Amino acid sequence: MSDQGFEATAAIACTVNGEPVRATVPVRQSLVDWLRHGLGLTGSHVGCEHGVCGACTVVVDGRTMRGCLLLAAQADGAVIETIEGATASGRVEALQEAFHARAALQCGFCTPGMVLTAAELLADEPSPDRPRIREALSGNYCRCTGYHAIVDAVADAAAHAVRER
Amino acid sequence: MPARSTELPLQEIGRSRPRGRTRALLAGHGRYLDDLDLPRQVHGAFLRSPVPAARIDRLDVTAARTAPGVVAVFTWDDLRAVCRPWRTVSAAFPGLQSPEQTPLAAGRVTAVGEPIALVVAASRALAEDAIELIDFAWTEQPAVGVASEALAPGAPLVHPELGSNLAWQFDAAAGDVDAAFAAAALVVEERFVFGRHTGVPLETRGILAAFDRSEARLTVWASHQMPHQLQLHLADLLDLPMSRVEVTAMDVGGGFGIKMHVYPDEIAICAAARLLARPVKFVADRLESLTSDVHAREHVIDAKLAVDGDGRLLAIDAKGLQGIGSHSVFPRSSTVETLMAMRTLGAPYALAAARAHADVVFQNKAMTGQYRSVGHPIACAVTEALVERAAALRGEDSLALRRRNYLEPGDDGCRTALGLELFDFSHAACLERLEAMLDVAGLRAQIAAARQRGEIQGLGFAAFVEMTASGSEIYGKAGVPVSAADTVQVAIEPDGSIKASASLSEIGQGITEGLIQVLADAVGVAPERIALEMGRTASGPHGGGAWASRGAAIGGEAAWQAGRALRGQVLEAAGALLQMPADTLDLVAGWVVDASGERRIEVAELARMVHFRGHEFPAGTAPQFQVAHHHRRAGDPTIPTNGIQAAWVSICRDTGLVRCLKHWVVHDCGRMLNPLLVTEQVRGGVVQGLGAALFEHCRYDAQANFLDGSLADYLVPMATEMPDIEVGHVETAYRGSVLGAKGAGEAGTCAASAAVLNAVNDALRAAGGTSIATLPLTPPLVLAALEGGSSG
Ligand code: FES
Ligand code: FES
């Protein structure tokens, strides 16, 4: 059953993972809810809906944002990338490899947000030390790993990128 | 006596391999509960109690029923036609008092967050809008918040029909405790206070239920640790045969004990789906999760330890109180927490006498339940804080005191004073390993130098015993239908691949990979040739799921036996075909080889013959190429594991903030199926223990109003606050199984908070402060202790 008949809506046009999208969205729907349930991009997750946990992290106009704190209607005109798009383009592949090898994820619920945030860190700072990695990831909660392996994985990916250069 | 693991040809078992499915999870291709949407699906939202205790005077849902997008509104009067109430009954807890529980409130509420009415609408948002239209009036009643007030004369009763707030009492004693304390050269004693906390899986609880009237079939997807158990209770409560109830757990975003209970809201959703005959989804938001997931701990324990003049521990004596909230959680009972908190007191040490008593009381708060390392962290903190205090007062190294007093079981095992059966463990070896990992003398010198500079630093230790992999003696004997067994099914596909299913559950801990490694070695094929499915009651055998760190110890053994039997079938078939005795053949890397090691026939070829050309086998030979093996351990009710942790902390003099600088763990979980994944289990567990020690607290005011409704209030550890965690292993195989594996999932949590507590008190001692015995170690507590103004 669709909720649209009962909701005030807005028409938006934006780019999601490189594809142009036009949609009518409930004005009160969050960006992450629309990506997940409107577009079927379920790689972004919802852990708190109040901007604390980082599970909903997506890239909007080149910067990571909390998809639960933005409305879908605000995405009009924006360029959005989710973990699905970042995976398809291959730009987070070294991080994904390192996370896999280090077992830096258990349940995986935090992981898409964690990878996008780590990718932003490495784009800004190619060789962060461990405390800096920890600081940069502090807006992304992980309840399973205890973070040590995540820090290892990000450090590995950074070293890999430096070697490749 | 089973063949010992050391004699087995192991290729995959013991190798560090990342879990295969993590590649999909990394790509955003996980399938968690809320990722699934069904045609004609509607969404549930609950009116929940805003107050801790009230009589419901009016509950009129008429206006809500006609709100935009609303499909239905249910109260208990509507659901009772298809759902019956439940009550926790367990012979493991003689005298347990336990009220009836209903999916929606039956006339009164006993905790903030208790579901009262269910609105089902086209979207969650519309359902929430309609909740506002429910005409709900109540008379607030006096509430019990503070556990120590629950048994006072004249205290309000959480459940008047029970006549008391006392749910259960624990009592155990051995040896002459009073004589031991009278003879002691040193007695250390303390009142320990442990706050409530909760598991906070990053994916909240959620359920999607669909009912097909034509077949009377209930199909459920749930974010759950044990779909088989949920299937059983849904069938029972909704009066359906289990053959008409199907539960699937897809990817689960963390459990930690939170997702293994019967929750009223989840049952209400299934009942609603049955009444509506269309799919109903409910995903708890974080506020609902924090108020209605089971909470854990909340103990006050007065404990004392007697020590003789030679530094030998003589006896421990403890009096405990636990507040379990409004109900004893169904089906296992919240009292398991107190049972384990009392039973594991003093467990690492040889004590001649011990006594423990505890009262477990109801309160008008969220119900508590089994959370990672159930009860053990409480006993560990009490025991280890007293041990460090005794060592400090004796002016000796606490590790020397521990070493002198460790209970070493010898070959035949032994019993602790409070009745735990211990065997196959290794306190001395773990301590030795820890001392090799961290140069204690060097670190102490470094800390002394930091103190010279005016810093406040401390080092603390905590030895632990964690009981794992419960057998059927625990719940089965108590009359509680909880499976402690596991079944693994294996079959060979036409191309020689192995299709397996198991009654276990994957919730991120990685047991899937461990079982694949076991099957690979047991059968003799590469792990890449094995597909293992779990979490589906429709296709998988009934069994235990994920609890009590049981996957490797019980599931691993089931997988080994199933794989060995399948291998036997392959060798029989090959022998018949090759006219060779099966016992001269072996199965290696997907090939049947003869005694000289020469490859004779590929498993894939045999499989094609079985499936397509069975007539080519000699007459009388009909290979099955499939096995189901059910493993129930005989003999030991639980498998003990042990180890030791160390914490190095610094304290900020101005803010009282505790910073963890580094943490070490040495752990003995027997044979490790996969050291990488074991290590990560330990690390994750440690951080949950550090959270309990420093930040996590479900706070209520004195009237039992909940104060921590968001992750901005309830503090989960963040990356920057957590230390690097070094993990070492000692492997003392469990002798009662072929593989020798024990549980690994909870030990990290068991001793982490105790080690930090000891480290903070070490720092405070050196800084001239008083000691603390209250968790979490909040900055105000630490500042007060630094000023010497409070003993916590
Ligand atoms: S869901 Fe957006 S920050 Fe938690
Ligand atoms: S892997 Fe489970 S929350 Fe990070």
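The values are calculated or read from the model by the stated rules, or taken from the named source; none is laboratory data. The shown structure was predicted, so the numbers you read here are calculated from the model rather than taken from an experiment. Every residue, glycine among them, receives a Cβ derived from its backbone with ideal geometry; neighbour counts consider all protein chains shown. All accessible areas refer to the heavy atoms of the entire protein, side chains included, with ligands and DNA or RNA removed. Shrake-Rupley method; radii C 1.70, N 1.55, O 1.52, S 1.80 Å.
For B:V307, the requirement of being over 30 Å from B:V177 (Cα atoms) and of a type in the set (V, I, T) is not met.
Conditions (1) surrounded by 19 or more Cβ atoms within 10 Å (Cβ to Cβ); (2) over 30 Å from B:M534 (Cβ atoms); (3) touching a residue at least 40 places away in the same chain (Cβ under 8 Å), marked per residue:
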site	(1), (2), (3)
B:L434	yes, yes, yes
B:E455	no, yes, yes
B:T468	yes, no, yes
B:G476	no, no, no
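Filter region B:519-555 for residues that are assigned to a helix (DSSP H, G or I) and within 20 Å of B:G255 (Cα to Cα) and give the result. Across region B:519-555, the qualifying residues are B:G551, B:A552, B:A553, B:I554, B:G555.
Does B:G253 qualify as being in a loop (DSSP other than H, G, I, E, B) and crowded, with 24+ Cβ neighbours inside 10 Å? Judged against the criteria, B:G253 is a match. The residues of region A:58-85 that are within 9 Å of ligand 1 (Cβ to nearest atom) and either under 22 Å from B:L36 (Cβ atoms) or surrounded by fewer than 22 Cβ atoms within 10 Å (Cβ to Cβ) (or both), listed by number, are A:G67, A:C68, A:L69. I need the full set of residues from region B:661-685 which are open to solvent by 10 Å² or more (accessible area, probe 1.4 Å) and assigned to a strand (DSSP E or B), in order please. Across region B:661-685, the qualifying residues are B:L661, B:K662, B:W664.
Filtered by the rule that a residue be among the acidic types (D, E) and either in a helix (DSSP H, G or I) or modelled with pLDDT under 95 (or both), region B:734-792 gives B:D762, B:E787. Taking the conditions (1) farther than 20 Å from B:I378 by Cα; (2) part of a loop (DSSP other than H, G, I, E, B); (3) away from ligand 2 (no atom under 16 Å from the Cβ); (4) open to solvent by less than 10 Å² (accessible area, probe 1.4 Å) in turn, B:Y714 satisfies each one other than (3). Can you tell me which residue is farthest from B:L10 (Cα to Cα) among those in region B:587-603 that are out of contact with any Asp or Glu (no Cβ under 7 Å at 6 or more places or on another chain) and free of Cβ contacts under 8 Å to residues at least 40 places away in the same chain? By that ranking, first place goes to B:I601.
Among the residues examined, B:T198 qualifies as more than 16 Å from ligand 1 (Cβ to nearest atom), within 25 Å of B:A366 (Cβ to Cβ) and within 14 Å of chain A (Cβ to nearest Cβ).
Screening B:A491 against (1) part of a strand (DSSP E or B); (2) out of contact with any strand residue (DSSP E or B) (no Cβ under 6 Å at 6 or more places or on another chain); (3) not polar (S, T, N, Q) leaves a single unmet condition, (2). Among the residues making up region B:181-212, those that are open to solvent by less than 20 Å² (accessible area, probe 1.4 Å), among the aliphatic types (A, V, I, L, M) and outside any strand (DSSP E or B) are B:V200, B:L202.
From the list B:E298, B:E337, the lone residue that is open to solvent by 10 Å² or more (accessible area, probe 1.4 Å), under 30 Å from B:I507 (Cβ atoms) and among the acidic types (D, E) is B:E298. Strands (runs of 3 or more DSSP E) fully within region B:20-102 that include at least 2 residues being open to solvent by less than 20 Å² (accessible area, probe 1.4 Å): B:42-48, B:70-74. Just checking, how many residues over region A:103-160 are within 16 Å of ligand 1 (Cβ to nearest atom), farther than 19 Å from A:R91 by Cα and β-branched (V, I, T)? Result for region A:103-160: 0. In region B:228-250, which residues are open to solvent by less than 40 Å² (accessible area, probe 1.4 Å) and in contact with a strand residue (DSSP E or B) (Cβ under 7 Å, 6 or more places away or on another chain)? Residues satisfying the conditions are B:L230, B:Q231, B:L234, B:A235, B:L237, B:L238, B:L240, B:V245, B:E246, B:V247, B:T248, B:A249.
Tell me whether region B:276-288 contains one or more residues that are outside any strand (DSSP E or B), within 19 Å of B:P227 (Cβ to Cβ) and open to solvent by 10 Å² or more (accessible area, probe 1.4 Å). So far as region B:276-288 goes, yes, one or more of its residues are outside any strand (DSSP E or B), within 19 Å of B:P227 (Cβ to Cβ) and open to solvent by 10 Å² or more (accessible area, probe 1.4 Å).
Taking B:I639, is it open to solvent by less than 70 Å² (accessible area, probe 1.4 Å), assigned by TED's automatic domain parsing to the domain that holds B:F423 and of a type in the set (A, V, I, L, M, F, W, C)? Considered against the rule, which asks whether it is open to solvent by less than 70 Å² (accessible area, probe 1.4 Å), assigned by TED's automatic domain parsing to the domain that holds B:F423 and of a type in the set (A, V, I, L, M, F, W, C), B:I639 comes out as yes.
Restricting to region B:613-655, count the residues that are assigned to a loop (DSSP other than H, G, I, E, B) and among the polar types (S, T, N, Q). Final tally of qualifying residues: 4. With respect to the stated conditions, A:A88 fails to be within 16 Å of ligand 2 (Cβ to nearest atom), under 16 Å from B:A24 (Cβ atoms) and open to solvent by 20 Å² or more (accessible area, probe 1.4 Å). For first residues located in region A:40-59 and within 17 Å of B:G254 (Cβ to Cβ) and assigned by TED's automatic domain parsing to the domain that holds A:A23, partners that are away from ligand 2 (no atom under 13 Å from the Cβ) and at pLDDT below 95 and lie 6+ apart or on another chain with Cβ distances below 8 Å form the pairs A:C48/B:S710; A:V52/B:S710; A:V52/B:A712. Taken as a whole, the condition of being in contact with a Ser or Thr (Cβ under 6 Å, 6 or more places away or on another chain), open to solvent by 30 Å² or more (accessible area, probe 1.4 Å) and either among the hydrophobic types (A, V, I, L, M, F, W, C) or facing chain A (nearest Cβ under 10 Å) (or both) applies to B:F706.
So that you can scan it fast, the table gives a plain yes or no per residue for (1) in contact with a helix residue (DSSP H, G or I) (Cβ under 6 Å, 6 or more places away or on another chain); (2) open to solvent by 40 Å² or more (accessible area, probe 1.4 Å):
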{"position": "B:G508", "(1), (2)": "no, no"}
{"position": "B:G535", "(1), (2)": "yes, no"}
{"position": "B:G556", "(1), (2)": "yes, no"}
{"position": "B:A565", "(1), (2)": "no, yes"}
{"position": "B:Q569", "(1), (2)": "no, yes"}
{"position": "B:M580", "(1), (2)": "no, yes"}
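Total residues in region A:133-148 satisfying the condition of being β-branched (V, I, T) and either more than 18 Å from B:E203 (Cβ to Cβ) or modelled with pLDDT under 95 (or both): the figure is 1. In region B:437-453, what residues are in contact (Cβ under 8 Å) with a residue 40 or more places away in the chain, open to solvent by 20 Å² or more (accessible area, probe 1.4 Å) and either out of contact with any helix residue (DSSP H, G or I) (no Cβ under 8 Å at 6 or more places or on another chain) or not assigned by TED's automatic domain parsing to the domain that holds B:L407 (or both)? B:M437, the sole residue that qualifies. When each of B:A702, B:A646, B:A719 is tested for being in contact (Cβ under 8 Å) with a residue 40 or more places away in the chain and within 17 Å of A:G146 (Cβ to Cβ), the lone residue that passes is B:A646. Counting only residues that are more than 16 Å from ligand 1 (Cβ to nearest atom) and touching a residue at least 40 places away in the same chain (Cβ under 8 Å), region B:202-222 holds 11 of them.
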